[in-house]
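*Asks:* Once you've had a glance at the structure underneath, I'll fire off some questions.
The values are calculated or read from the model by the stated rules, or taken from the named source; none is laboratory data. Quantities reported herein were computed from a predicted structural model and do not represent experimental measurements. Glycine also receives a Cβ, built like all others from the backbone with ideal geometry; neighbour counts cover every protein chain displayed. Ligands, DNA and RNA are excluded from the accessible area calculation, which covers all protein heavy atoms including side chains. Shrake-Rupley method; radii C 1.70, N 1.55, O 1.52, S 1.80 Å.
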Amino acid sequence: MIVRILSNLLRQQRAVMLLEVLQKEEFSHLTARNPGGVASIEFSIQELLRQLATERRSLHALYAALDPAAKRLADVIGRFSPEQAEQAGKLFAGIDATEQRCAKQAGRNYAMALGLYDVTKSSLDNLQNLLIPKKTVYGAKGRIGRAAPGASLFSGRL
């Protein structure tokens, strides 16, 4: 059971390391303004996160098999040999450190995507404003068109 816990932690560490690589690749696609590349990487990231969640659920089931009250690694680490406990601690620390780097990279990716969205939206709004005809333009019949009066409030007596 302990060997299965250690192998699960090792798989999680490798998955989180792969997540970090994918996020950096996503950032490079964002900086290159390659939406197709971003979309394909995003699908890979989502699938990897799904698999990582499955691994975490199975790890919690392994904890529960060792001790029904156990919720975390710290609750079952007392049953490990000193070498296994050291290995589990290193794996857990590695997972945590890599997750922290992934969280920072995800923040950078989000900021970049949001910035690109804002630039694109403002460019599109500017283009739409340029396409709207002004008041003194010729209409379809060759005459200067008149803008319809705006809404107004009438007050008076009947």
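*Asks:* Roughly what would the spin-label model give for Ala65 and Leu116, points 7 Å off Cα along C-beta, in nm?
*Replies:* Output for this residue pair reads 4.3 nm.
*Asks:* Tell me the label-point distance for the pair Glu55, Asp96, using the 7 Å Cα-to-Cβ offset, in nm and rounded to one decimal.
*Replies:* 1.8
*Asks:* If you roll a 1.4 Å probe over region 1-133 with all protein chains in place, what percent of the accessible area is carbon or sulfur?
*Replies:* Reported share for carbon and sulfur atoms: 62 percent.
*Asks:* For region 92-97, in order, what is each residue's ³J(HN,Hα) by Karplus, 6.51 cos²θ - 1.76 cosθ + 1.60 with θ = phi - 60°, in whole Hz (x at glycine and Pro)?
*Replies:* 5, 5, x, 4, 4, 5
*Asks:* Taking K and R as +1 and D and E as -1, what net charge do the other residues with C-beta under 14 Å from the C-beta of Glu25 add up to? Mind dumping the intermediate values first?
*Replies:* Details: positive: Lys24, Arg108; negative: Glu20, Glu26, Glu42.
Result for the neighbourhood of Glu25: -1.
*Asks:* Right, here's the next one. Kirkwood hydrodynamic radius, computed over distinct alpha-carbon pairs, for region 1-133: how many Å, to one decimal?
*Replies:* Final number for the Kirkwood radius of region 1-133 is 17.4 Å.
*Asks:* Per residue, what accessible area does region 1-133 have, given a 1.4 Å probe and all protein chains present, in Å²?
*Replies:* Heavy-atom accessible area per residue stands at 64 Å².
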